[in-house]
Amino acid sequence: MEPPQGPPLANTITLGVRNVDAQRAFYLALGWPLVLDTEDFVVFELRGALLALFPVEKLAADAHAEPEIGQGGIRFNIIITVDAPDEVDALAETVRRAGGRFTKPPTDAEFFVGRDAYFADPEGNYWEIACAPSDNPVVAASRRAAGVEQ
C-alpha cells in the first residue's frame, strides 16, 4: 500500500471529559449540531471539524495512557474562526448564556490584527473565538482545510 499523498486528515478533536452529560448540555446550548449521541460518546459537527466528548477514563484506557485531569490552567485551546468582528461578540454572548467562563472578553487581539475572546467550557477546556483578515495565513489555511471559499 502506498503512503497517502499530502498532509493527513486531522479534523476530529476528542476531549476527555469527567461529566459527559454536563458537557453535552453545554455544547447543545451553543447550538452546535449533534452528529452522534450515545451514553458515553458524543460528537458535534463544526465547520470543517468534529468535536467528540468521551469519558477521560475511557479515553486513557483506549490510548493505554494515564488520564490527565486538568489542574485549572490552560494546556491547549481550539480556535473558532468567525468571519466578522461582531461575530466574535455574538458568539461570546451565546457562550456566556450557555455557562462558559471568559478569561478574555471580546476585545482587539493582542498578538494579531483582529478581534478575539477566550472562554473555558464547564470542565476548563479553552476555546478562542477569533476574527482576522482573510490574508492572515492561519485564517487562509483554516479555510482551505475546511473547504471554504475565500
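Here is a yes/no grid of residues against (1) at pLDDT 95 or above; (2) surrounded by 13 or more Cβ atoms within 10 Å (Cβ to Cβ); (3) more than 13 Å from the chain's Cα centre (by Cα):
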| site | (1), (2), (3) |
| --- | --- |
| 3 | no, no, yes |
| 6 | no, no, yes |
| 9 | no, no, yes |
| 14 | no, yes, no |
| 18 | no, yes, yes |
| 25 | yes, yes, yes |
| 29 | yes, yes, yes |
| 50 | no, yes, no |
| 65 | no, no, yes |
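Might you check whether a residue that is outside any helix (DSSP H, G or I), out of contact with any strand residue (DSSP E or B) (no Cβ under 6 Å at 6 or more places or on another chain) and among the β-branched types (Val, Ile, Thr) occurs anywhere in the range 38-56?
In the first step, residues of the range 38-56 are kept if they are outside any helix (DSSP H, G or I); the result is 38-55.
Still in the list and also out of contact with any strand residue (DSSP E or B) (no Cβ under 6 Å at 6 or more places or on another chain): 38-39, 46-49, 55.
Right, trim to among the β-branched types (Val, Ile, Thr) and you get 38.
Yes, the range 38-56 contains a residue that is outside any helix (DSSP H, G or I), out of contact with any strand residue (DSSP E or B) (no Cβ under 6 Å at 6 or more places or on another chain) and among the β-branched types (Val, Ile, Thr).
I'd like the full set of residues that are surrounded by 17 or more Cβ atoms within 10 Å (Cβ to Cβ) and under 20 Å from residue 92 (Cα atoms), limited to the range 31-45.
As a first pass, look at the range 31-45 and keep what is surrounded by 17 or more Cβ atoms within 10 Å (Cβ to Cβ): 42-44.
44, the sole residue that qualifies.
Please pick out the residue among 93, 57, 66 that is of a type in the set (Asp, Glu) and in contact with a helix residue (DSSP H, G or I) (Cβ under 8 Å, 6 or more places away or on another chain). If you could, list the steps in order and put the result at the bottom.
On the way: 93 fails: in contact with a helix residue (DSSP H, G or I) (Cβ under 8 Å, 6 or more places away or on another chain); 57 fails: in contact with a helix residue (DSSP H, G or I) (Cβ under 8 Å, 6 or more places away or on another chain).
After applying the criteria, what remains is 66.
Within the range 38-87, which residues are hydroxyl-bearing (Ser, Thr, Tyr) and either closer than 18 Å to residue 120 by Cα or assigned by TED's automatic domain parsing to the domain that holds residue 101 (or both)? Step through it out loud before you land on a result.
We begin by selecting, within the range 38-87, every residue hydroxyl-bearing (Ser, Thr, Tyr); these are 38, 81.
Correct list: 81 only.
Examine the range 72-81 for a residue that is without any contact (Cβ under 8 Å) to a residue 12 or more places away in the chain, over 13 Å from the mean Cα position of the chain (by Cα), over 30 Å from residue 18 (Cβ atoms) and loosely packed, with under 14 Cβ neighbours inside 10 Å, and state whether such a residue exists.
Scanning the range 72-81 turns up no residue that is without any contact (Cβ under 8 Å) to a residue 12 or more places away in the chain, over 13 Å from the mean Cα position of the chain (by Cα), over 30 Å from residue 18 (Cβ atoms) and loosely packed, with under 14 Cβ neighbours inside 10 Å.
Just to verify a result, which residue in the range 82-93, among those that are surrounded by 15 or more Cβ atoms within 10 Å (Cβ to Cβ) and assigned to a helix (DSSP H, G or I), is farthest from the chain's Cα centre (by Cα)? Steps first, answer last, please.
First, pick out the residues of the range 82-93 that are surrounded by 15 or more Cβ atoms within 10 Å (Cβ to Cβ): 82, 85, 87-89, 91-92.
If we keep only those that are assigned to a helix (DSSP H, G or I) too, we end up with 85, 87-89, 91-92.
Values: 85: 18, 87: 16, 88: 14, 89: 17, 91: 13, 92: 13 Å.
Only one residue tops the list, namely 85.
For residue 100, which of the numbered conditions (1) surrounded by 15 or more Cβ atoms within 10 Å (Cβ to Cβ); (2) out of contact with any Phe, Trp or Tyr (no Cβ under 8 Å at 6 or more places or on another chain); (3) at pLDDT 95 or above fails to hold?
Result: residue 100 passes all but (2).
Which one is nearest to residue 82 (Cα to Cα) among residues in the range 101-150 that are assigned to a loop (DSSP other than H, G, I, E, B) and of a type in the set (Gly, Ala, Ser)? Working first, answer last.
Quick first cut of the range 101-150, residues assigned to a loop (DSSP other than H, G, I, E, B) only: 109-114, 121-125, 132-136, 147-150.
Subset that is of a type in the set (Gly, Ala, Ser): 109, 114, 124, 132, 134, 147.
Working: 109: 14, 114: 11, 124: 22, 132: 8, 134: 11, 147: 15 Å.
Ranking the candidates gives 132 first.
Using the structure shown, decide if residue 121 is modelled with pLDDT of 90 or more, of a type in the set (Asp, Glu) and loosely packed, with under 15 Cβ neighbours inside 10 Å.
no
Before we move on, is residue 47 in contact (Cβ under 8 Å) with a residue 60 or more places away in the chain, in contact with a helix residue (DSSP H, G or I) (Cβ under 8 Å, 6 or more places away or on another chain) and not β-branched (Val, Ile, Thr)?
Working: in contact (Cβ under 8 Å) with a residue 60 or more places away in the chain: yes; in contact with a helix residue (DSSP H, G or I) (Cβ under 8 Å, 6 or more places away or on another chain): yes; not β-branched (Val, Ile, Thr): yes.
Yes, satisfied.
The values are calculated or read from the model by the stated rules, or taken from the named source; none is laboratory data. Quick caveat, the model's predicted, so the values are computed rather than measured. Note that each Cβ is placed from the backbone with ideal geometry, even for glycine, and that neighbours are counted across all protein chains shown.
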